[in-house]
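One structure is given below, encoded as structure tokens.
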Amino acid sequence: MAVLEHTRLDDARAQTLALIEGVGEADLERVHSPLMSPLVWDLGHIAAFEDLWLAHRLGGLPLLRPDLADVYDAFETPRSQRGDLPYLRLTQALRYMEAVRGRVAALAPSADEPLAELVARHERQHAETMLQTLALAGLREWSPPTSLAPSPAGDGENGRPSSGLELIELPAMSFPLGTGEAAFAYDNEKPEHQVELECFAIGRVAVTNRDWLAFIEDGGYRQSQWWSPQGWEWRRAEDAERPLAWLDGNRERHLAGVVELDLDSPVIHICCHEAEAFARRHGLRLPSEAEWEAAATFDPVEGVKRAWPWGDQSPTAHEANLIESARYAPLPSASLPAGASPCGALGMIGDTWEWTASEFGPYPGFRAHPYREYSEVFFGGGYRVLRGGSFATSALVATPSFRNWDFPSRRQIFAGLRVASSR
Ligand SMILES: [Fe+2]
């Protein structure tokens, strides 16, 4: 008999429910930012997605609530409009989630069923989206659930402050970008295909708060020459002069509250325009996503691609990379030396999303699966690819081939950058 998939689905549900514990009903139901859905919309959407793919498509049952299909269709209803939808309020949404889970449990999808994997990952991805909403909302009464308490930070490598400006050189190589058919992957990560890379250099660690502070003090936000024309237009329109979550007095708003800026930690809550301006100020650029993935996984001398930067052990089995423990802030850069990739780059998975120079588009030979709206409708829409996963990304989701995407002006993501250079 097939192994049941319930554990993964139930683990994801436990995280979802833990996240909203302590958020008042009114705060769950209202719009906190035009960039984000009301939190309770995410709950109903998670259930509708599960009902569609597991109960309906896989199990052949009619939809439990066909009347809600449009309300929870993420593609048809942009986030900015979701506040006006007739979405289920809290009690009803929780009841709907439970009812869908009940009928899916009765179907008992097997552990190797790709649609069950898709649904479990989908709920995990929404946990990160909900954390972005909570970060923007800055609710006084909410704090991260203690069952997902931050893990202790590392000690730093040899006590040496790290800088994102320290570069590692890589040779020209032929590199297999993307992932094959063996493991679960989203359609946009496939097929694996060879790309030719010129020699390049990439940051050993992500750009740190210390690096960013120096950029600000150096007038980085006041000098148009470092910015692309669109970037400068964005900066002026937003009157941006520091990362979104920075406060006066070198403090930063974290999910767990206001803290002193940790100078050794990666900068987060910057948009792609800011990332590019920082890189240009230093005569550098953002890496392409192919360069990023090669630096994260590939040993050009041996010609071997690792499953993870540190080797082939999954992150949950790898004690130096406890990204499943949801820390609610990035670890100080270089604090997990055992997580180094073949070229020596650190913190590539699970600390901060990293903006790349690549626009989101299909790999050669792309086939939409299982549904067009996951990736295909976004290709060519002016989105930039982000790689690596943040502290809020589940280990189930943040693989080295995973491609996230968003508009270059977005700052709500837990995203920073790693610089690169051509040689
Ligand atoms: Fe979704």
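The values are calculated or read from the model by the stated rules, or taken from the named source; none is laboratory data. Model, not experiment: these values are computed from the prediction. Glycine also receives a Cβ, built like all others from the backbone with ideal geometry; neighbour counts cover every protein chain displayed. When the accessible area is computed, the model is the full protein with side chains, heavy atoms only, and any ligands, DNA or RNA have been set aside. Shrake-Rupley method; radii C 1.70, N 1.55, O 1.52, S 1.80 Å.
Tabulated results
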{"read-out": "Alpha-carbon centroids, region 218-253 and region 401-423: separation in whole Å", "value": "16 Å"}
{"read-out": "Positive-end residue of A307, P342, P34, charge dipole of the chain with Cβ unit charges", "value": "P34"}
{"read-out": "Protection proxy ranking, peptides 224-230, 286-292, average beta carbon neighbours within 10 Å, highest first", "value": "286-292, 224-230"}
{"read-out": "Solvent-accessible heavy-atom area per residue, rounded to whole Å², over the chain at 1.4 Å", "value": "42 Å²"}
{"read-out": "Taking only Cα atoms of region 159-242, radius of gyration then Dmax in Å", "value": "18.7, 49"}
{"read-out": "Backbone N under 18 Å from the S80 label point (7 Å along Cα→Cβ), restricted to region 370-386", "value": "378, 381-384"}
{"read-out": "Virtual paramagnetic centre 7 Å along Cα→Cβ of N250, amide N under 16 Å, in region 187-221", "value": "208-218"}
{"read-out": "Total charge dipole magnitude, the chain, about the Cα centre, Cβ charges on Lys, Arg, Asp, Glu only, Debye to nearest 20", "value": "460 debye"}
{"read-out": "Rg/Rg_globular for the chain, with Rg_globular taken as 2.2 N^0.38 Å and Rg from C-alpha atoms", "value": "0.96"}
{"read-out": "GNM top mover of G219, G164, G311 - the chain, alpha-carbon springs below 10 Å", "value": "G219"}
{"read-out": "Surface share of carbon and sulfur [accessible, 1.4 angstrom probe, percent] for region 1-132", "value": "54 percent"}
{"read-out": "Full-stretch length increase - Y371, R103 - with 0.36 nm per residue and alpha-carbon distance subtracted", "value": "94.3 nm"}
{"read-out": "Virtual spin-label span in nm between V259 and H193, 7 Å along Cα→Cβ", "value": "4.1 nm"}
{"read-out": "Considering only the chain, percent of DSSP beta bridges that pair antiparallel, nearest 5", "value": "90 percent"}
{"read-out": "Fraction of antiparallel bridges per DSSP, region 322-420 only, in percent to nearest 5", "value": "60 percent"}
{"read-out": "Cα-centre dipole for region 1-149 with unit charges at Cβ (Lys and Arg positive, Asp and Glu negative), debye to 20", "value": "100 debye"}
{"read-out": "Difference of contour (0.36 nm per residue) and Cα-Cα distance, D70 to S174", "value": "32.9 nm"}
{"read-out": "Neighbour net charge for F402 - beta-carbon separation under 9 angstrom, K R +1, D E -1", "value": "+1"}
{"read-out": "Computed [θ] at 222 nm, helices only, for the chain once each DSSP H run of length n ≥ 4 contributes -39500 (n - 2.57)", "value": "-8500 deg cm²/dmol"}
{"read-out": "Largest-first principal axis extents, alpha carbons of region 1-97, Å", "value": "46, 29, 22"}
{"read-out": "Rg [Å, one decimal], Dmax [Å, integer] - region 335-381, C-alpha atoms", "value": "15.6, 40"}
{"read-out": "Region 177-249, dipole about Cα centre (Lys/Arg Cβ +1, Asp/Glu Cβ -1), debye to the nearest 20", "value": "260 debye"}
{"read-out": "Highest to lowest packing among 247-254, 37-44, scored as the average C-beta count within 10 Å", "value": "37-44, 247-254"}
{"read-out": "Surface share of carbon and sulfur [accessible, 1.4 angstrom probe, percent] for region 345-387", "value": "47 percent"}
{"read-out": "Dipole of the chain [Lys/Arg +1, Asp/Glu -1 at C-beta], most positive-end residue of L107, V419, F402", "value": "V419"}
